[in-house]
Amino acid sequence: SHPPLCPPGIKCGGVLSAPSGNFSSPNFPGLYPYETECTWLIVVAEGSSVLLSFSHFELEYHDACAYDYLQVYNGAARDRGNLLGTFCGHRPPPPFSSAWHVMAVVFRSDRHVAKHGFAAAYRKDACGGQLTGLSGEITSPRYPESYPNDAECRWSIGGASGGGPLTLVFADFQMEGGQGCGFDYVALFDGPTVTAPRLGRYCGSARPPRTISSTPHLLIIFKSDFNIGGRGFKAHFYSVGECQEVFTTIKGNFSSPQYPNFYPNNLKCQWSIQLPPGYRVKVFFLDMELEGRSSLTGGCDYDHLSAFDGGTENGSLLGRWCGRESLAPVTSRSNRLLLVLHTDRNTAKRGFSISYVGVVPMNVSCTRTDFHIQIPVQSLAQLERNRIYLGTPSCAAQVVGRNFKIHTRFDTCGTESQRRNNRSVIVSTLYIDFSVGDQEDIHQYEVQCEPKRKEASVTLITSPDPSRLSQAENLVDAQQREGEAMDTREIKSQDTSDIVFISICILAGLLMVIAVVGLVLL
């Protein structure tokens, strides 16, 4: 028999706020209606979690669950950063435990093929549970009120598809203290059971350190005795994967977790770039889409990406971004830079893709006729001198003492004369070839001199990465400079030697004397 078409007023979905309950697809155990969408929002007491299980499950099958499906969210519905899974067919979803006190379930059917649907039950769990999401938050019972006596809770975290090692960070911690933490305590285990290696046992009011498991599982046990309590704790966890990384290579790239798919909610991810002394770090934003600015404050109060100079969050803030922006590159003032991504409980987006390159330490100066370039050998210790050249490979660096040096006249090494901002400047390109085997990796720096003032400057132009250039038009600073008002004249090879310069000065002086004498005679 055909299932009925869903009448406009069909009852399905709603808010479930009792400590426990049951719900099912419309008409269960009969066939569910076509073209139906239902959302159940389960809300229990704050500090508790929701335990959800399925006793019957039969939906139309599709490889990608594109027709009829059921979705479970770790929090409010329709936020892809909270999605725990999408299910269809005959295989029931596993039992779920929410990472906070809200869980949502969405059921949708299309206009073809109906089945018998599902039946589910939920209950409030005062503490503990099996947490399977990529991220979440856990709190002691009744937090931030004082936790009860004689409590014992176990949170087993892990089992998410594609999950890697887990990071646990305590945002707040206050419990009864005592030597050896024999009264009230939190114990952490590097695996799903207490037989796994213990990572720590904590009590008192000092926040436990950030903990990273070596497996995709982490067990947290909270225990209180018969008296003396405290506020308890609040902690958040996330799958490490692409969320905690340290880079020491001269260039690299990374992206937010699951990019270009939506990042998880409730994250704090850190990417630390640590280069040799003397280097600076230049970061290029290839793509960025985070949750937008607050409509109340206009600030990045929700999800945001921050950059800090010096490698820690105590360093000076180089920028804080959110929303969908096209960002100019950012350069550190030291050899270390830290990027931190914060995401809150809802509204996830695509995230970001970033490339960085180390700016080689160098000293560039000029006279009226020559460039002088000096780079410490230790900064490029692995390179032969012929890998560092100005304009053409024939103008390679020499090794003098502890430095690579290039000393060349303006009329050689591919230099050109240009006018920029109504000033005559001499410009050339310094190449540093880091290529290994077939992998080309040539970094380019524009060196510029204003001969009249004897002022020189150097700018990183680009660090080509063929696999990313198509995405990263903004990697090339030169393209941005094209937008500036610049009158680039035809390249001329000029001899601007001191002799010519002095001759011009003498000639100008003689002409001035003749002019003055002519005025006196008149």
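The values are calculated or read from the model by the stated rules, or taken from the named source; none is laboratory data. Just so it is clear, the structure is predicted and the values come from calculations on it, not from any experiment. Counting neighbours? That spans all protein chains shown, and the Cβs are built from the backbone with ideal geometry, glycine included. Side chains included, ligands, DNA and RNA excluded: accessible areas come from the protein's heavy atoms. Shrake-Rupley method; radii C 1.70, N 1.55, O 1.52, S 1.80 Å.
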Item to check | Residue ID - farthest from the chain's Cα centre (by Cα), chosen from residues in region 263-305 that are at positive phi and touching a residue at least 60 places away in the same chain (Cβ under 8 Å) | outcome: Gly278
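What is the residue count in region 335-352 for residues that are assigned to a loop (DSSP other than H, G, I, E, B) and surrounded by 17 or more Cβ atoms within 10 Å (Cβ to Cβ)?
To start, the set of residues in region 335-352 that are assigned to a loop (DSSP other than H, G, I, E, B) comprises 335, 343-350.
Add one more test, that the residue is surrounded by 17 or more Cβ atoms within 10 Å (Cβ to Cβ), and what stays is 335, 343, 345-350.
Count: 8.
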Checklist outcome for this item: Counted residues in region 108-132 being open to solvent by less than 10 Å² (accessible area, probe 1.4 Å) and more than 27 Å from Asp150 (Cα to Cα) come to 4
Item to check | Tally of residues being closer than 19 Å to His112 by Cβ and part of a loop (DSSP other than H, G, I, E, B) across region 32-57 | outcome: 4
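Can you tell me which residue in region 344-369 is farthest from the chain's Cα centre (by Cα), limited to those that are among the charged types (D, E, K, R) and over 18 Å from Gln448 (Cβ atoms)? I'd like the intermediate steps shown before the answer.
If we filter region 344-369 for residues that are among the charged types (D, E, K, R), which is where we start, we get 344-345, 349-350, 368.
Adding the requirement that they be over 18 Å from Gln448 (Cβ atoms) leaves 344-345, 349-350.
Values: Asp344: 14, Arg345: 17, Lys349: 12, Arg350: 11 Å.
Taking the candidates together, the pick is Arg345.
Across region 332-382, what is the total count of residues that are under 24 Å from Phe247 (Cα atoms), of a type outside the set (Val, Ile, Thr) and at pLDDT 90 or above?
Within region 332-382, the subset under 24 Å from Phe247 (Cα atoms) is 332-343, 350-362, 375-382.
Now narrow it down to the ones that are of a type outside the set (Val, Ile, Thr): 332-339, 341-342, 350-353, 355-356, 358, 361-362, 376, 378-382.
When the remaining residues are screened for being at pLDDT 90 or above, the result is 332-339, 341-342, 350-353, 355-356, 358, 361-362, 376.
The number of residues fulfilling the criteria is 20.
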Item to check | Given (1) open to solvent by less than 60 Å² (accessible area, probe 1.4 Å); (2) outside any strand (DSSP E or B), number of the condition Leu168 does not satisfy | outcome: (2)
